[in-house]
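Read the structure below first, then the notes.
The values are calculated or read from the model by the stated rules, or taken from the named source; none is laboratory data. Please read these numbers as outputs of a predicted model, since none were measured by experiment. Virtual Cβ from ideal backbone geometry, glycine too; neighbours counted across all protein chains shown. Heavy atoms of the whole protein, side chains included, go into the accessibility calculation; ligands, DNA and RNA do not. Shrake-Rupley method; radii C 1.70, N 1.55, O 1.52, S 1.80 Å.
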Amino acid sequence: MVKILVTPRSLKSADHPALRPLRDAGFDMVFPCPGLSPDAGSLKAALPGCQGWPAGVEKITADVLRAAPDLKVLSRNGVGIDNVDLDAAASLGITVATTPGANARGVAELALALILAVARGIPLCDASIKAGGWDRRQGIELEGATLGVVGTGQIGRILIRMALGIGMKTVGYDLHPDETFDPGDFRYVEPLELARLSDVVSIHIPGGDRPFVDAAFLAALKRNAIVVN
């Protein structure tokens, strides 16, 4: 029986609807750390004999991949692959795939929830009440405020549309701007202009060699701006 390693934290057992096709096809699924992100030792112990791997956010190094002599396909649960050693995968003949849009709405909704939580001071008030206090903090209303979205892929676009739906203005930055994207009160700008214009910044790009939010970007931000990573 062909074995499939399953490591996304949201996929805890073969009963998950997303895994039903694999189960019905007769694959034997291996869950090294259900509900948790596995470490290198757990991965290397579980990988021998596995030919497929729906992967999460865990670090997938060359050392880990060398412990998978039978692995043919590694598919990320999402679009980011900066946690995978792509050179090692290529040298070992392992195909690396992504699942664009698989969790785009969930991530966009979480970003909006985090923006609202900061704008209304929900975490601070929650902590105060649990500690026996009753601190009153003035929140801010987001209608008319400007949201700057860094990275306008599927996640960024959904977030922009939701922000417009609650009355925000929106601007965006992308290395490859799509001028056909026209959701309403939105336009593309350069990074520092985005920082100057935005009351809220939400970041939806993979990590790189240099941080996107650097000293110049921080200096250009409004004093009370909200940044969601």
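Values for this structure:
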| item | result |
| --- | --- |
| Any chance residue 92 is at pLDDT 95 or above and under 24 Å from residue 39 (Cβ atoms) | yes |
| Residues that are over 23 Å from the mean Cα position of the chain (by Cα) and either acidic (Asp, Glu) or under 24 Å from residue 117 (Cβ atoms) (or both), drawn from segment 170-197 | 179, 182, 185, 193, 197 |
| Within segment 48-64, tally of residues that are of a type outside the set (Val, Ile, Thr) and touching a strand residue (DSSP E or B) at 6+ places or on another chain (Cβ under 6 Å) | 6 |
| Segment 61-75, subset out of contact with any helix residue (DSSP H, G or I) (no Cβ under 8 Å at 6 or more places or on another chain) and open to solvent by less than 50 Å² (accessible area, probe 1.4 Å), residue farthest from residue 43 (Cα to Cα) | 75 |
| Any hit, segment 86-101, residues being part of a loop (DSSP other than H, G, I, E, B), open to solvent by 70 Å² or more (accessible area, probe 1.4 Å) and under 30 Å from residue 48 (Cα atoms) | yes |
| In segment 148-189, the residues that are buried (at least 19 other Cβ atoms within 10 Å of the Cβ) and of a type in the set (Phe, Trp, Tyr) | 173, 186 |
| Strands (runs of 3 or more DSSP E) lying entirely in segment 143-222 (those with 2 or more residues that are touching a Lys or Arg at 6+ places or on another chain (Cβ under 9 Å)) | 146-150, 169-173 |
| Answer from 56, 78 - the residue that is in contact (Cβ under 8 Å) with a residue 40 or more places away in the chain, small (Gly, Ala, Ser) and open to solvent by less than 60 Å² (accessible area, probe 1.4 Å) | 56 |
| Residue in segment 124-143 that is in contact with a strand residue (DSSP E or B) (Cβ under 8 Å, 6 or more places away or on another chain) and surrounded by fewer than 18 Cβ atoms within 10 Å (Cβ to Cβ) present | no |
| Selection status of residue 121, free of Cβ contacts under 8 Å to residues at least 24 places away in the same chain, closer than 18 Å to residue 199 by Cα and of a type outside the set (Val, Ile, Thr) | yes |
| Residues within segment 14-29 that are over 24 Å from the mean Cα position of the chain (by Cα) and crowded, with 18+ Cβ neighbours inside 10 Å, tallied | 3 |
| Hits in segment 102-139 (condition: assigned to a loop (DSSP other than H, G, I, E, B), within 27 Å of the chain's Cα centre (by Cα) and under 24 Å from residue 224 (Cβ atoms)) | 120, 121, 139 |
| Subset tally (residues that are open to solvent by less than 80 Å² (accessible area, probe 1.4 Å) and at pLDDT 95 or above) for segment 102-118 | 8 |
| Test result for residue 187, in contact (Cβ under 8 Å) with a residue 12 or more places away in the chain, farther than 24 Å from residue 80 by Cα and not hydrophobic (A, V, I, L, M, F, W, C) | yes |
| Subset of segment 36-53 (residues that are open to solvent by less than 30 Å² (accessible area, probe 1.4 Å) and either of a type in the set (Lys, Arg) or under 21 Å from the mean Cα position of the chain (by Cα) (or both)) | 38, 53 |
